[in-house]
Amino acid sequence: MPRTGALLSLSREHHTSLVLARAIKKVLEDGDSIAHQAMAERIKTHWLTLLAAHFDEEEHLIHDAAAMLDAGAIERIRAEHAELSSLADTDCPMALTDRLLRFAELIAAHVRYEERVLFPQLQAHLSMTSDTSFHSIDSVKKDFS
């Protein structure tokens, strides 16, 4: 189903997270510890430049549409957001290779779940499809440019 409104920019941003997940797995296959550290920094940058605001926007949409969403979906999304935030933090106590692998697997599964389960529920709610109902991350970024 084509995305509209606030979901359009969020859906487009999912692609960058899937590309990152694939890059992480490639780095892990190569086994280069220096590349592992560089990938951890790339994840942190991805968090700071995209994911933190992306998750905030999704949380806002979930909050506004909570009454029409599946409670299990809401719980899963929020739990995964929290775990991904922790994994993106360079102070995460998990071993680096384990953290990279977990981040790659979780972000890919998370994106797919949102696209297949959460976003169709949100899009079914008519107010979610209106560009004027919610500011997309792209429009917020333009405001700060």
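For this structure, a couple of remarks:
- Over 22 Å [Cα-Cα, the chain], rounded percent: 40
- Once C-alpha pairs closer than 8 Å and six or more residues apart are averaged by separation and normalised to the residue number of the chain, the relative contact order reads 48 percent.
- Remark: the Ser33-Ala52 segment gains 4.2 nm on full extension, using 0.36 nm per residue and subtracting the alpha carbon distance.
- Over the residues of the chain, the helix contribution to mean residue ellipticity at 222 nm works out to -23000 deg cm²/dmol, using -39500 (n - 2.57) for each DSSP H run of at least 4.
- Against the main long axis of the alpha-carbon atoms of the chain, helix 33-46 sits at an angle near 20°.
- Karplus (6.51, -1.76, 1.60) ³J(HN,Hα), θ = phi - 60°, over the stretch 83-90, in Hz, Gly and Pro reported as x: 5, 5, 4, 5, 5, 6, 6, 5
- Compared with the direct C-alpha span, the chain from Thr4 to Ala124 gains 42.1 nm at full extension, assuming 0.36 nm per residue.
Read-outs throughout are calculated quantities, based only on the coordinates presented, and are distinct from any laboratory measurement. Just so it is clear, the structure is predicted and the values come from calculations on it, not from any experiment.
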